[in-house]
């Protein structure tokens, strides 16, 4: 399981305050902790007004890279912010995200292709979010047709089936998993990623919902997620699921984590 550390996101109150106050120590501490917890990428989302976003995104990038060389996931729907920010990264970043929306494909996909980025592709278009997995599959088929035409190989595409909150639809988890299964059988080189915490929004005991859904999604074929890498119970669930799904050769990762006390 590849982990995109979720914590450096300007929609979070304390992160927004740190960005506004230029609190370097707070941002760098978040970055280091997530890297130490095993993040493959660090999500970087300024979450500020489009006019300020390029400056804020670059500030985040520069200060994060001062303390870690872990690749970044540039999380923005602002093409101008992405064009400027990508010039400041030390390693090729992931881009979050494109979708079936023509505007995103037209303005963001060329950035992805030019720089050889991995990219998250959302199973949505310019209409409302599709309620059925069949429609989401149809949207991603169009997106992958576009990424292939742009020269982006399938193995650099991370499909997000959209795990919406079960508080508003108790079929949200089912639809997301069915979307993964259907696409995985057709696009065998593509990856699958979700914003994990979306599934539990508005409900109590959110961590319990997140952990359980992650296990179900991994069984469906999920191999990446934007999540809280500091949640040790979640990390334990990932390692145990990989073990039971036959993804941990000779149980090495599970045993290593056990020796470190993760399951205590």
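The values are calculated or read from the model by the stated rules, or taken from the named source; none is laboratory data. Values in this document were obtained by computation on a predicted structure and should not be read as measured data. Because the Cβ atoms are built from the backbone with ideal geometry, glycine has one as well, and the counts that use them run over all protein chains shown.
Tell me whether the stretch 198-212 contains one or more residues that are closer than 20 Å to residue 157 by Cα, modelled with pLDDT of 95 or more and not assigned by TED's automatic domain parsing to the domain that holds residue 248.
For the stretch 198-212, residues closer than 20 Å to residue 157 by Cα, modelled with pLDDT of 95 or more and not assigned by TED's automatic domain parsing to the domain that holds residue 248: absent.
Scan the stretch 171-184 and give yes if some residue there is within 26 Å of residue 9 (Cβ to Cβ), surrounded by fewer than 19 Cβ atoms within 10 Å (Cβ to Cβ) and touching a helix residue (DSSP H, G or I) at 6+ places or on another chain (Cβ under 9 Å), otherwise no. Spell out how you get there, then give the answer.
To start, the set of residues in the stretch 171-184 that are within 26 Å of residue 9 (Cβ to Cβ) comprises 172-173, 175-177, 179-180.
Then keep just the ones that are surrounded by fewer than 19 Cβ atoms within 10 Å (Cβ to Cβ); that gives none.
No.
The single condition among (1) surrounded by 14 or more Cβ atoms within 10 Å (Cβ to Cβ); (2) modelled with pLDDT of 95 or more; (3) under 22 Å from residue 7 (Cβ atoms) that residue 262 does not meet is (2). Summed over the stretch 29-57, the residues that are crowded, with 18+ Cβ neighbours inside 10 Å and out of contact with any strand residue (DSSP E or B) (no Cβ under 9 Å at 6 or more places or on another chain) give a count of 4.
On the given criteria, is residue 77 within 17 Å of residue 8 (Cα to Cα) and buried (at least 23 other Cβ atoms within 10 Å of the Cβ)? Against the criterion (within 17 Å of residue 8 (Cα to Cα) and buried (at least 23 other Cβ atoms within 10 Å of the Cβ)), residue 77 does not qualify.
Quick one: would you say residue 238 is within 16 Å of residue 6 (Cβ to Cβ), surrounded by 21 or more Cβ atoms within 10 Å (Cβ to Cβ) and not assigned by TED's automatic domain parsing to the domain that holds residue 159?
When the stated conditions are applied, residue 238 passes them.
Here are some conditions: (1) outside any helix (DSSP H, G or I); (2) over 15 Å from the mean Cα position of the chain (by Cα); (3) surrounded by 17 or more Cβ atoms within 10 Å (Cβ to Cβ). Residue 127 meets all but one. Which one does it not meet? Going through (1) outside any helix (DSSP H, G or I); (2) over 15 Å from the mean Cα position of the chain (by Cα); (3) surrounded by 17 or more Cβ atoms within 10 Å (Cβ to Cβ) one by one, residue 127 breaks only (3).
Considering each residue of the stretch 15-59, count those that are assigned to a helix (DSSP H, G or I) and either outside the structural domain of residue 79 (by TED's automatic domain parsing) or within 19 Å of residue 198 (Cα to Cα) (or both), and give that number. Give the derivation first.
Applying the first criterion (assigned to a helix (DSSP H, G or I)) to the stretch 15-59 yields 15-21, 24-36, 53-59.
Adding the requirement that they be either outside the structural domain of residue 79 (by TED's automatic domain parsing) or within 19 Å of residue 198 (Cα to Cα) (or both) leaves 15.
Residues in the stretch 15-59 being assigned to a helix (DSSP H, G or I) and either outside the structural domain of residue 79 (by TED's automatic domain parsing) or within 19 Å of residue 198 (Cα to Cα) (or both): 1 in total.
Please tell me if residue 109 is touching a strand residue (DSSP E or B) at 6+ places or on another chain (Cβ under 6 Å) and farther than 19 Å from residue 226 by Cα. The answer is yes for residue 109. Here is the figure for the stretch 143-152: residues that are loosely packed, with under 15 Cβ neighbours inside 10 Å and assigned to a helix (DSSP H, G or I) total 3.
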